[in-house]
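What follows is calculated from the coordinates using simple rules that are stated; it is not laboratory data. Bear in mind the structure is a predicted one, so any value in this text is a computation, not a measurement. Using ideal geometry, Cβ is built from the backbone for each residue, glycine included, and neighbour counts are taken over all protein chains shown.
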Amino acid sequence: MEEIEYLDLVDENDNVIGKEDRNVIYKNNWRNFRVINIMIFTGDNKIIVPKRSANRRVFPNCYDCSVGGHVSSGETYEQAAYRELEEEMGITDVVLEEIGYFKPYDLGTSAFSKMYKLIYDGELNYDKDGIQEIYYMSKYEIRNLIEENPLQFKGDYPKFFKWLDENGML
């Protein structure tokens, strides 16, 4: 039996008002929960872009942010970011820089989210079940792939990428 993952439900100001099973949240298309995303850059300004495995429940075989995940009930955005960074990429003992905060109605994203940045040239011990391959891409390569077909990317990625580009963060 699948373990239930509870996420905090938040109001329009991102204040916790309850919690619910992740599956219920997705079934009802709610947007009042929290997620994190991390963009990992190498020293030569390439961006780590994982391609999700075919077995993923949502957005299988799509390119994604370097790291992304839900903020579990009772967790802060920052705690979730470090937990997901270790789970998905095997990276520990680094300092993340918060670079963006979005409410669903800001960019039309799927949830309340914080974006973090990491510059990292070390080894990756990535989640081989959830990630089929890791790519190192320039912002130009990513922009071209988005222009070719934005559906190659997880839902919010093109919106985040555009925001990062427009704000000089790429």
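Would you check if S72 is closer than 23 Å to I142 by Cα and in contact (Cβ under 8 Å) with a residue 40 or more places away in the chain?
Considered against the rule, which asks whether it is closer than 23 Å to I142 by Cα and in contact (Cβ under 8 Å) with a residue 40 or more places away in the chain, S72 comes out as no.
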If you check V67 against the conditions, is it under 24 Å from K103 (Cα atoms) and in contact (Cβ under 8 Å) with a residue 60 or more places away in the chain?
no
Within the stretch 42-73, considering residues that are aliphatic (A, V, I, L, M) and not in a loop (DSSP other than H, G, I, E, B), the one surrounded by the most Cβ atoms within 10 Å (Cβ to Cβ):
V67
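May I ask you to list the residues in the stretch 84-98 that are touching a strand residue (DSSP E or B) at 6+ places or on another chain (Cβ under 9 Å), more than 19 Å from Y136 (Cβ to Cβ) and surrounded by fewer than 17 Cβ atoms within 10 Å (Cβ to Cβ)?
E87, V95, E97, E98
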Residues that are of a type outside the set (A, V, I, L, M, F, W, C) and closer than 27 Å to V16 by Cα, at least 3 per element: which strands (runs of 3 or more DSSP E) completely within the stretch 79-168 meet that?
97-102, 112-119
Taking only the stretch 1-35 into account, find how many residues are in contact with a helix residue (DSSP H, G or I) (Cβ under 9 Å, 6 or more places away or on another chain) and either of a type outside the set (D, E) or within 17 Å of Y105 (Cα to Cα) (or both).
11
Scanning for something among the small types (G, A, S), touching an Asp or Glu at 6+ places or on another chain (Cβ under 9 Å) and surrounded by 21 or more Cβ atoms within 10 Å (Cβ to Cβ), does the stretch 104-124 turn up at least one residue?
yes
